[in-house]
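S.K.: The structure under discussion is supplied below as structure tokens; questions concerning it will follow.
The values are calculated or read from the model by the stated rules, or taken from the named source; none is laboratory data. Only a predicted model underlies this, so the values are computations on that prediction, with no experimental measurement involved. FYI the Cβ positions are ideal-geometry reconstructions off the backbone, even for glycines, and counts take in every protein chain you see. Surface accessibility is based on the protein's heavy atoms, side chains included, excluding ligands, DNA and RNA. Shrake-Rupley method; radii C 1.70, N 1.55, O 1.52, S 1.80 Å.
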Amino acid sequence: MGQGLWRVARNQQLQHQGFSGQGYLTREHGRRIATNNVSNTSHRKQAQGGIDIYHLLKTRKSKEQEGFINLEMLPPELSFTILSYLNATDLCLASCVWQDLANDELLWQGLCKSTWGHCSIYNKNPPLGFSFRKLYMQLDEGSLTFNANPDEGVNYFMSKGILDDSPKEIAKFIFCTRTLNWKKLRIYLDERRDVLDDLVTLHNFRNQFLPNALREFFRHIHAPEERGEYLETLITKFSHRFCACNPDLMRELGLSPDAVYVLCYSLILLSIDLTSPHVKNKMSKREFIRNTRRAAQNISEDFVGHLYDNIYLIGHVAA
């Protein structure tokens, strides 16, 4: 089959050259005299087949071009729905074709709020000449600046009027944003404990199992790589917040913030023990229950056993 296609392409090339150059016609005429009628018939069929394939492809291509959808011919609601699936880069490219549609403020407002869920400027009257497309570029620039230098990034947001100079507003911005580098964010929160306090209060751990609540907490506020004062501060703030969100459960289990602190520390150590490849002799369930109840005697054995099962099956609480 491959040889047949090659012959078709070759015959098309020869046919084109025959009509375009007089010198070739002379050589081709002599060549045809030297060949027999059977060979001539075969070549004509192959050439005809090549022309049919060419016209077929040309027709198919023209049909594809005719089937191209122009968003401006669709209802505006449908066009906006289609464009809403694009990211910022693709939307900028689409604006080269559909300028009025792709530059619509509602599309860029959706992009801003889907990436940066909270900004102080959202709740203010927009200034003259305000544009959500311009705001998106400023938010992106500010995030890149934050990931290089957190203090400069926050100052950039404030200078553009995007954020108010308030720990609560900064905490809401951090809580609703996923484009910030977690290592830089950890450094910033270690220095700004006032922002950290407000950030902790934004978490709702109601009716959550303790290890799962701790995982959610460390997804937003990443734990340091080494144990120290900052880790102890995070666990202390989490313990108080968890008790505040579950007062009935704390009374039922007889737990205090100090007891929850002990449990959290035990869960972190157990997570390291079970997941680290360097620990050969893993802690057993019986050992975990004994060690934990020794530090917090009021905790039931069944509750501590459920904690062990959760770490064993799901994994690290601070991964």
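S.K.: Restricted to segment 296-319, and to residues that are in contact with a helix residue (DSSP H, G or I) (Cβ under 8 Å, 6 or more places away or on another chain), over 20 Å from A223 (Cβ atoms) and among the aliphatic types (A, V, I, L, M), which residue is surrounded by the fewest Cβ atoms within 10 Å (Cβ to Cβ)?
M.R.: Among those that are in contact with a helix residue (DSSP H, G or I) (Cβ under 8 Å, 6 or more places away or on another chain), over 20 Å from A223 (Cβ atoms) and among the aliphatic types (A, V, I, L, M), it is A296.
S.K.: Could you tell me how many of the residues in segment 90-106 are in contact with a Ser or Thr (Cβ under 6 Å, 6 or more places away or on another chain) and either closer than 14 Å to L135 by Cβ or of a type in the set (K, R) (or both)?
M.R.: Quick first cut of segment 90-106, residues in contact with a Ser or Thr (Cβ under 6 Å, 6 or more places away or on another chain) only: 101-103.
Checking which are either closer than 14 Å to L135 by Cβ or of a type in the set (K, R) (or both) leaves us with 103.
Counting residues in segment 90-106 that are in contact with a Ser or Thr (Cβ under 6 Å, 6 or more places away or on another chain) and either closer than 14 Å to L135 by Cβ or of a type in the set (K, R) (or both) gives 1.
S.K.: Of everything in segment 202-249, what is in a helix (DSSP H, G or I) and aromatic (F, W, Y)? Give them in sequence order. Spell out how you get there, then give the answer.
M.R.: The first filter runs over segment 202-249 and keeps only residues in a helix (DSSP H, G or I), leaving 210-220, 229-245, 247-249.
Hits for segment 202-249 are F217, F218, Y230, F238, F242.
S.K.: Next question. Considering segment 102-120 alone, what residues qualify as being aliphatic (A, V, I, L, M) and either modelled with pLDDT of 85 or more or in a loop (DSSP other than H, G, I, E, B) (or both)?
M.R.: L106, L107, L111
S.K.: Do we have L139 as in contact with a Phe, Trp or Tyr (Cβ under 8 Å, 6 or more places away or on another chain) and at pLDDT 85 or above here?
M.R.: Working: in contact with a Phe, Trp or Tyr (Cβ under 8 Å, 6 or more places away or on another chain): yes; at pLDDT 85 or above: yes.
Yes; evaluated as a whole, the condition is true for this residue.
S.K.: Only residues that are surrounded by fewer than 16 Cβ atoms within 10 Å (Cβ to Cβ), over 21 Å from L180 (Cα atoms) and of a type in the set (S, T, N, Q): list them for segment 72-102, please.
M.R.: Passing the criteria: T81, S84, Q99.
S.K.: Still on this model: What tally of residues in segment 275-292 results from selecting those that are assigned to a helix (DSSP H, G or I) and open to solvent by less than 40 Å² (accessible area, probe 1.4 Å)? Steps first, please.
M.R.: At the first step, the residues of segment 275-292 found to be assigned to a helix (DSSP H, G or I) are 275, 285-292.
Within this subset, residues satisfying the condition of being open to solvent by less than 40 Å² (accessible area, probe 1.4 Å) are 288-289, 292.
Of the residues in that region, 3 qualify.
S.K.: Of the residues L210, L234, which single one is in contact with a Leu (Cβ under 7 Å, 6 or more places away or on another chain) and surrounded by 13 or more Cβ atoms within 10 Å (Cβ to Cβ)?
M.R.: Working: L234 fails: in contact with a Leu (Cβ under 7 Å, 6 or more places away or on another chain).
So the residue among L210, L234 that is in contact with a Leu (Cβ under 7 Å, 6 or more places away or on another chain) and surrounded by 13 or more Cβ atoms within 10 Å (Cβ to Cβ) is L210.
S.K.: Would you confirm, using the coordinates I've provided, whether G228 is within 29 Å of S131 (Cα to Cα) and not basic (K, R)? Step through it out loud before you land on a result.
M.R.: Numbers: within 29 Å of S131 (Cα to Cα): no; not basic (K, R): yes.
Here the answer is no, as G228 does not meet what is asked.
S.K.: Which pairs have Cβ atoms under 9 Å, sit 6 or more apart or on different chains, and link a residue in segment 280-294 that is free of Cβ contacts under 8 Å to residues at least 12 places away in the same chain to one that is open to solvent by less than 80 Å² (accessible area, probe 1.4 Å) and hydroxyl-bearing (S, T, Y)?
M.R.: What qualifies is S284/Y308; R293/S300.
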